[in-house]
Amino acid sequence: MSNPAFEFEHVHIISEDPKAAADWYANMLGADIAFEKEVRGALQIGVELGAMMILIRGKRPGENPVRTNPMRGIEDYSSHDEWGTDHFGYIYRGDLTGFCDEIRAKGAQFAVEPWVFSPGRLLCYVAAPDNVSIELIQAESADTYR
């Protein structure tokens, strides 16, 4: 174990439409909307998914957010091609192909369609609201990159 003083708490997303974004996570991925409140002049919604909190908030007074790049193919990989967080990922314990078919039927789009990353490891990138990319990995453990 690395430093046990650290425990992952949340990902924070600034959204053009936080309510629509939170609803997308709930409807597409089965997340739970934990709370909605105003924080520093903007709606903030807590969305729980896979033991992780995703905080989605709107524009605060004085902010002027700019749109990020969508994920795109570059050589033999995909990237947002900008500094900062490129994506966040989840291990999906189940039939990832079947799950992708389910959410595709609901209107989900994929920045990267499911493909075999390495033997026994299927992955994809779901295109979430606000150009956020979510990597889903079908694997037996979190040892995906080790």
Read through the labelled values (i) 4.19; (ii) 1.59; (iii) 1.09 and report the label of the one computed as Cα Rg over 2.2 N^0.38 Å from the structure. (iii)
Mean Cβ count within 10 Å, highest first, over the residues of peptides 46-55, 62-71: 46-55, 62-71
Excluding Ile74 itself, calculate the net charge of residues whose Cβ lies under 13 Å from the Cβ of Ile74, where each Lys or Arg counts +1 and each Asp or Glu counts -1. -4
Report the charge-dipole magnitude of the chain in Debye, nearest 20, computed about the Cα centre from +1 at each Lys and Arg Cβ and -1 at each Asp and Glu Cβ. 300 debye
Tell me which residues come under 5 Å, amide H to amide H, from Leu43 once H is placed; ignore anything under 5 positions away on its chain. Gly58
Using a 10 Å cut-off on Cβ atoms, rank the peptides 6-12, 99-105, 122-128, 33-39 from the highest mean neighbour count down. 122-128, 99-105, 33-39, 6-12
Considering the chain as a Gaussian network with a 10 Å cut-off on Cα pairs, which listed residue, Tyr90, Tyr25, Tyr77, attains the greatest mean-square fluctuation? Tyr77
A correct Karplus calculation of ³J(HN,Hα) over the stretch 96-103, with 6.51 cos²θ - 1.76 cosθ + 1.60, θ = phi - 60°, whole Hz and x for Gly and Pro, returns 5, 4, x, 5, 4, 4, 4, 6
Let me know the shape class of the stretch 70-146, please: from the alpha-carbon gyration tensor, a ≥ b ≥ c as square roots of the eigenvalues, rounded when a/c is under 1.5, otherwise prolate if a/b is greater than b/c, or oblate. oblate
Go ahead and collect, in residue order, the members of the stretch 1-43 whose backbone nitrogen is under 19 Å from a label point 7 Å along the Cα-Cβ direction of Arg93. 8, 29-32
From the residues Pro65, Phe117, Met28, which one has its Cα farthest along the dipole of the chain in the positive direction, the dipole being from +1 and -1 charges on Cβ of Lys/Arg and Asp/Glu about the Cα centre? Pro65
Report the extension gain between Ala20 and Glu75 in nm, rounded to one decimal, defined as 0.36 nm multiplied by the number of residues separating them, less their alpha carbon distance. 16.5 nm
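Here, each number is a calculation from the coordinates, and none is a lab measurement. In this text, all values refer to a predicted model and were calculated from it rather than measured experimentally. Cβ sites come from the backbone with ideal geometry, for glycine too, and all protein chains shown count toward neighbours.
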